[in-house]
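This report concerns only the one structure given below.
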Amino acid sequence: MSSVSTRRVLSMLVDTNVILDVALDRAPWISAAVLFFDAIGRGNARGFVAAHAVSNVHYLVEKQSGRVIANSALSDLLELLTVVTLDGNDFRRALGMDLPDYEDAVQVAACLKCGADFLVTRNAKDFKGSPTKIASPGEVLSVLAQG
């Protein structure tokens with residue numbers, strides 16, 4: 001009798017700060033972020049990024065490291081993560097959330113839209129009261145290690 005694994009692959013909406021930790025080589029967070037992205041690349045998790053974050057990442061990386069680096073970082077990002085498209089309803093949904101920062105609320109709306117299991121960020125405190133599960137890259141790695 002053969003045993004077939006029916007383990008469900010968890011899905012993650014990745015916040016901008018985690019992406020920037022890798023793209024801008026930001027210590028001390030880069031190590032956990034790289035391991036987190038490696039887990040996605042190996043298929044241990046499925047990764048998503050909110051559409052508005054894509055242009056924000058490019059802008060911030062280009063501003064600090066130049067266009068060539070920004071284009072390369074974005075190319076890698078788009079190979080690894082699925083873009084969650086947002087529409088007016090998603091932005092209205094974010095307006096109705098009781099979060100202090102509207103951009104964070106838009107991240108939550110994107111997480112809800114794609115049905116991700118976690119919103120992965122380093123700033124969990126900014127998402128207090130969110131209807132989504134919030135975790136850091138390190139916390140997600142622990143969850144994935146438990147299988």
From fewest to most C-beta neighbours within 10 Å, the residues 54, 120, 18 line up as 54, 18, 120
Per DSSP, the loop-located trypsin sites (Lys or Arg not before Pro) within segment 48-140 having at most 13 other beta carbons within 10 Å are 128
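Could you tell me which of rounded, prolate or oblate describes the chain, using a ≥ b ≥ c as the square roots of the eigenvalues of the alpha-carbon gyration tensor, with rounded for a/c under 1.5 and, failing that, prolate when a/b is larger than b/c and oblate otherwise? Before the final figure, lay out the partial values.
On the way: a/c = 1.63, a/b = 1.14, b/c = 1.43.
Judged from the Cα gyration tensor, the chain comes out oblate (a/c at least 1.5, b/c at or above a/b).
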Length-normalised contact order of the chain, Cα under 8 Å, at least 6 apart, in percent, tallies to 29
Row for segment 39-103, column shape: gyration tensor on C-alpha, a ≥ b ≥ c, rounded if a/c < 1.5 i.e. under 1.5, prolate if a/b over b/c, else oblate; value oblate
Cross-link reach from residue 125 to lysines, straight Cα distance under 22 Å and at least 8 residues apart if same chain, gives 113, 133
Any residue on another chain or 5+ positions along whose placed amide H is under 5 Å from the amide H of residue 46 is listed here as 10, 11, 12
Going from the fewest other Cβ atoms within 10 Å to the most, one would list 77, 60 as 60, 77
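Values quoted throughout were computed directly from the atomic coordinates according to the rules given, and no laboratory measurement underlies them. Quick caveat: nothing in here was measured; it's all calculated off a predicted structure. Heads up, the Cβs are rebuilt from the backbone with ideal geometry, glycines too, and the neighbour counts pull from every protein chain shown.
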